[in-house]
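For reference, the structure is listed below as structure tokens.
The values are calculated or read from the model by the stated rules, or taken from the named source; none is laboratory data. Computed from a predicted structure; not experimentally measured. Cβ: placed from backbone, ideal geometry, glycine included. Neighbour counts: every protein chain shown.
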């Protein structure tokens, strides 16, 4: 039972990171119907910028508590990623807004390749390790261990998601975003500038991705130019699981995917009599996704919408 | 210009002369390339042909039937592993090539239908993620099926695969024909060329067939297609199976040609690159797909010369060409797509859509959207 609780906790931590990244996918998809393949790379850039800033500060011999250093790194990573998200949309997606959707998918892949290789040239092919500056607080109750970082990750993700929810539901920008998602042309008639809303959407998604990138690199104590690919893939899976285009769905899908994955890693061996080892945790995640989509073809919370031409 | 082209096409003799010239050029190509750029480039040529077959297979699924498949490389993997396991010392089986080739098409086709079945209800991007998931599942199984029973030899892959041979004629050795020395890579080129031509022929015939038109109808509007009496389930499954069987054939050829395969050759990135080939070349148009496949196979290889280019321009190497290569590749993808959103050689239907007034198109879409509310 302890193992079970432990796996659930690990899954929640992983899942809240997935959810943060998934929100970026789902917001862009909701408005443009575009799979922003470069979003995982934005997460990676966020982690890398933060680590570079922390490394530079430590190199200068700045004597600040670890948490402050990470916060400074985060404060650099967020605007950097927002600028990146804005640029990506401007350069790669806006010229193709009226083109066939697959064309934009290909430019998204192209941007993703460019960002990956740029990061490789700038930060090298090695793993960049997260310096050991965060206090190693841990709570233990009844055989279950929770680290301070895990609590911070879940708390920060929840706070950000609540903030996003408030933004989308309560502010005029949020209303503009929802209107543009329903119909860009009608929204424009109501005095909304769809271009500006789309730019804002990309920047908000990128900011969330930056936070997720920093959290995930702190959690695994390393970052790598290739980390965005798998993280993006998982987050996109989470977004689809919840129903792509649906913000609550992305949160639910992210958390669910994280829990499924860590339970799969823990129990897939015993369940199959040792035939399948924990290497198969990704198989497990995709298998659940496929089963869910077979029974609910538009995801868990997605509405049944007909294909638009 | 177009009129002159059509007049020119009506002249049968000229057309035949053009075909003859093309055939001659294709026949002499490996020798010319080998003489100018070295034998390594003939090998790249062979790979380009493999990718043409692969891309034409995916073109059936994505280009004709409009089903976005991001796990297509799985069928390439199935074909390759089938060949590798049945013709290598791994199980000590050495089945002949002429048996393995159709078997590969059959098994991959069966896999295609099998994986297609649960996705029939899904549309657009949901389909994309499920096919992606299937592709990853197959790759993970290939990586891990070395225990408890060693089937695929795990991440090490399968070694010492039998080279392709028809009877006593092995494609891996040099042969002498009429006093001309034909190395193995050249022999493979001719084999792949023949099979590619066959695949092109099948693609062309499919395009104008009853099935091909049913695929296009489904792509354009599935509900309308169903109303016209098309059995969308069977026709979609057929698209998956057909596309997969092309992938299986080229996978088998890849295994025999390379002599070694490992799960890493079949990752998601490969699926994405094949998709890039068909979108970039011009989806649904056979000439465009061929162009895209050749271009995207040759481009990364040609970019290996970036180091020499830098030395010529700046006098020294500024950035490691190996690092710069994929960066330029990604930039090229973005640039080509922005400059030619419908692909380099768009299909006739696409071109017409693009010529129609954008505002009319938007209006149509808006009214369609209203109708669905």
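Filtering segment B:163-180 down to residues that are surrounded by 10 or more Cβ atoms within 10 Å (Cβ to Cβ) and assigned to a strand (DSSP E or B), which residue is modelled with the lowest pLDDT? Before the answer, list the steps.
To start, the set of residues in segment B:163-180 that are surrounded by 10 or more Cβ atoms within 10 Å (Cβ to Cβ) comprises B:163-166, B:169-175.
Still in the running and assigned to a strand (DSSP E or B): B:165-166, B:169-170, B:175.
Details: B:165: 78, B:166: 77, B:169: 76, B:170: 76, B:175: 69.
Top of the filtered list is B:175.
Would it be correct to say that residue A:47 is more than 14 Å from chain B (Cβ to nearest Cβ) and in contact with a strand residue (DSSP E or B) (Cβ under 9 Å, 6 or more places away or on another chain)?
Details: more than 14 Å from chain B (Cβ to nearest Cβ): yes; in contact with a strand residue (DSSP E or B) (Cβ under 9 Å, 6 or more places away or on another chain): yes.
Here the answer is yes, as residue A:47 does meet what is asked.
Condition first: touching a strand residue (DSSP E or B) at 6+ places or on another chain (Cβ under 8 Å) and either free of Cβ contacts under 8 Å to residues at least 12 places away in the same chain or assigned to a loop (DSSP other than H, G, I, E, B) (or both). Can you find one or more residues in segment B:266-273 that meet it?
Checked against the condition, which is being touching a strand residue (DSSP E or B) at 6+ places or on another chain (Cβ under 8 Å) and either free of Cβ contacts under 8 Å to residues at least 12 places away in the same chain or assigned to a loop (DSSP other than H, G, I, E, B) (or both), segment B:266-273 yields no hits at all.
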The conditions are (1) surrounded by 15 or more Cβ atoms within 10 Å (Cβ to Cβ); (2) more than 14 Å from every other protein chain (Cβ to nearest Cβ), and residue A:140 fails exactly one of them. Which is it? (1)
Could you check segment B:101-122 and list, in sequence order, the residues that are facing another protein chain (nearest Cβ under 7 Å) and either on the phi > 0 side of the Ramachandran plot or buried (at least 19 other Cβ atoms within 10 Å of the Cβ) (or both)? B:122
Has segment B:325-345 got any residue that is at pLDDT below 80 and more than 13 Å from every other protein chain (Cβ to nearest Cβ)? no
Name the residue, out of A:257, A:241, that is farther than 25 Å from residue A:70 by Cα and either surrounded by fewer than 21 Cβ atoms within 10 Å (Cβ to Cβ) or without any contact (Cβ under 8 Å) to a residue 60 or more places away in the chain (or both). A:241
Can you tell me which residue among B:333, B:327, B:291 is without any contact (Cβ under 8 Å) to a residue 24 or more places away in the chain and either touching a helix residue (DSSP H, G or I) at 6+ places or on another chain (Cβ under 8 Å) or part of a helix (DSSP H, G or I) (or both)? B:327
Being farther than 30 Å from residue B:349 by Cα, crowded, with 18+ Cβ neighbours inside 10 Å and more than 14 Å from every other protein chain (Cβ to nearest Cβ), is that true of even one residue in segment A:83-102? yes
Unique match (being under 26 Å from residue B:89 (Cα atoms) and modelled with pLDDT under 90) among B:262, B:245: B:262
Does residue B:347 satisfy being assigned by TED's automatic domain parsing to the domain that holds residue B:74 and either within 29 Å of residue B:66 (Cα to Cα) or surrounded by fewer than 22 Cβ atoms within 10 Å (Cβ to Cβ) (or both)? no
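Tell me, yes or no, whether segment B:124-138 has at least one residue that is in the same structural domain as residue B:70 (by TED's automatic domain parsing) and surrounded by fewer than 18 Cβ atoms within 10 Å (Cβ to Cβ). Spell out how you get there, then give the answer.
Here is the first cut: in segment B:124-138, the residues in the same structural domain as residue B:70 (by TED's automatic domain parsing) are B:124-138.
Pick out the ones that are also surrounded by fewer than 18 Cβ atoms within 10 Å (Cβ to Cβ) and you get B:124.
Yes: segment B:124-138 contains one or more residues that are in the same structural domain as residue B:70 (by TED's automatic domain parsing) and surrounded by fewer than 18 Cβ atoms within 10 Å (Cβ to Cβ).
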With closer than 30 Å to residue B:127 by Cβ, surrounded by fewer than 18 Cβ atoms within 10 Å (Cβ to Cβ) and touching a residue at least 60 places away in the same chain (Cβ under 8 Å) as the only criterion, which of B:226, B:220 stands out? B:220
Only residues that are more than 12 Å from residue B:186 (Cα to Cα) and touching a residue at least 60 places away in the same chain (Cβ under 8 Å): list them for segment B:24-42, please. none
Residue count for segment B:123-137, restricted to those that are more than 19 Å from the chain's Cα centre (by Cα) and on the phi < 0 side of the Ramachandran plot: 8
Would you check if there is a residue in segment A:204-217 being in a helix (DSSP H, G or I), modelled with pLDDT of 90 or more and in contact with a strand residue (DSSP E or B) (Cβ under 6 Å, 6 or more places away or on another chain)? yes
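Scanning segment B:262-279 for residues that are closer than 18 Å to residue B:44 by Cβ and either within 13 Å of chain A (Cβ to nearest Cβ) or buried (at least 24 other Cβ atoms within 10 Å of the Cβ) (or both), which turns out nearest to the chain's Cα centre (by Cα)? Break it down into steps so the answer makes sense when it comes.
The first filter runs over segment B:262-279 and keeps only residues closer than 18 Å to residue B:44 by Cβ, leaving B:265, B:270, B:273-274, B:276-277.
Imposing the further condition that a residue be either within 13 Å of chain A (Cβ to nearest Cβ) or buried (at least 24 other Cβ atoms within 10 Å of the Cβ) (or both) reduces the set to B:270, B:273-274, B:276-277.
Values: B:270: 10, B:273: 9, B:274: 6, B:276: 10, B:277: 8 Å.
Filtering segment B:262-279 for residues that are closer than 18 Å to residue B:44 by Cβ and either within 13 Å of chain A (Cβ to nearest Cβ) or buried (at least 24 other Cβ atoms within 10 Å of the Cβ) (or both), the one nearest to the chain's Cα centre (by Cα) comes out as B:274.
Looking at B:47, B:75, B:31 in this structure, which one is more than 23 Å from the chain's Cα centre (by Cα) and in a helix (DSSP H, G or I)? Please lay out each step first, then the result.
Numbers: B:47 fails: more than 23 Å from the chain's Cα centre (by Cα); B:75 fails: more than 23 Å from the chain's Cα centre (by Cα).
Going through B:47, B:75, B:31 in turn, the sole match is B:31.
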Matching residues in segment A:23-76 (free of Cβ contacts under 8 Å to residues at least 24 places away in the same chain and assigned to a helix (DSSP H, G or I)) number 7
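Criterion first (surrounded by 15 or more Cβ atoms within 10 Å (Cβ to Cβ), in contact with a helix residue (DSSP H, G or I) (Cβ under 6 Å, 6 or more places away or on another chain) and more than 19 Å from residue A:247 (Cβ to Cβ)) does residue A:181 satisfy it? Please lay out each step first, then the result.
Working: surrounded by 15 or more Cβ atoms within 10 Å (Cβ to Cβ): yes; in contact with a helix residue (DSSP H, G or I) (Cβ under 6 Å, 6 or more places away or on another chain): yes; more than 19 Å from residue A:247 (Cβ to Cβ): no.
Against the criterion (surrounded by 15 or more Cβ atoms within 10 Å (Cβ to Cβ), in contact with a helix residue (DSSP H, G or I) (Cβ under 6 Å, 6 or more places away or on another chain) and more than 19 Å from residue A:247 (Cβ to Cβ)), residue A:181 does not qualify.
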